[in-house]
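What follows is a short report on a single structure.
Any read-out appearing in this document is the output of simple, stated calculations on the displayed coordinates, not a laboratory observation. Please read all numbers here as calculations on a predicted model, not as lab measurements. Don't worry about glycine lacking a Cβ; one is built from the backbone with ideal geometry, like all the others, and counts go over all protein chains shown.
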Amino acid sequence: MVELQGLHGQVVDRIGEALADDERRAGRVLRLEDVQARYGVSRTVAREAVRVLESKRVVHSRPRVGITVRPLPEWNLYDPQVIRWRLATSQRREQLRELAELRAAVEPSAAALAARRGDPALRETLLAHARAMSGAGRDGDMKGFIAADAAFHRTLLAASANTMFAQLADVTEELLVARGELSLMPERVEEAAVLRHVEAARAVAAGDAAGAAQCLRVILDHSRGEVERLLDGGAGDDGRSGSCAFGP
């Protein structure tokens, strides 16, 4: 059974990436026979792969029509696997832009809410993750830094006490992990990036809603700029101050 899940999972990824890379395929019929032939799998594996795609709203089945590819806006675009597909294709820059805009709309508000009404234990955990980022940075441990960064933002969203914000943590984590996998991180951890997170955690712990929101705006602004520079072949750090107090 594990073997079957692994095989149909590979087929799902290959189909998903292909569909994400070509929006012109929307409306086309996806036949099980074609999936079997193209990927060299059994009908059982092809059917299971299509079921997964249907659960993500990538395709839908209709009587006497068959399995039809949905337009991209109808997909479950918050699904981490769908995000990975888009990041693996020519849609990468567009997906990164949309994720950055989503985070900019949500995380400053989450930080303000965390400062106003967050759980004291979560506030301490937030500061611990910021310190873990600092330690990983000093050690040159980029993988550890990304893990601590993802944990920081997951905790921040949870500390907002808004369960809908909290469910966006998987989206944020997918972006941060993908940055490492796609070589969209600087070669070394910038001390300024760590400082911003520490200041954000301290603002939340102090109940400073405006300061916490400002810190997140600066963090996300620098992050987006860094990704854009790296996509264009430049360096990650723009040389600007790391402190939240100076603004973006």
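Of note:
- For the chain, a crude dipole built from +1 on the beta carbon of Lys and Arg and -1 on the beta carbon of Asp and Glu, taken about the Cα centre, is about 860 debye to the nearest 20.
- To the nearest ten degrees, helix 43-55 and the longest principal axis of the Cα atoms of the chain are 40 degrees apart.
- Both the radius of gyration and Dmax for the stretch 57-190 are 17.5, 61 Å, in that order, over alpha-carbon atoms.
- Computed over the alpha-carbon pairs of the chain, the distance histogram in 10 Å steps reads 7, 28, 28, 20, 13, 4, 0 percent, short to long.
- Nearest-ten-degree value, helix 191-205 long axis tilted from longest Cα axis of the chain: 80
- Modelled this way, with points 7 Å down the Cα-to-C-beta line, the labels at residue 42 and residue 188 are 5.4 nm from one another.
- Positive-pole candidate from 45, 71, 15, dipole of the stretch 2-74, charges at beta carbon: 71
- With each label modelled as a point 7 angstrom along the Cα→C-beta vector, the residue 206-residue 97 pair spans 3.7 nm.
- Share of Cα-Cα pairs in the stretch 103-142 lying beyond 17 Å, as whole percent: 46
- Debye intensity ratio in log₁₀ form over the Cα atoms of the stretch 17-68, taken at each q of 0.13 Å⁻¹: -0.29
- Positive dipole terminus of the chain, leading residue within 109, 209, 148 (C-beta point charges): 109
- Of the residues 133, 142, 185, 164, the one with the fewest other Cβ atoms within 10 Å heads the list, and the complete ranking is 164, 142, 185, 133.
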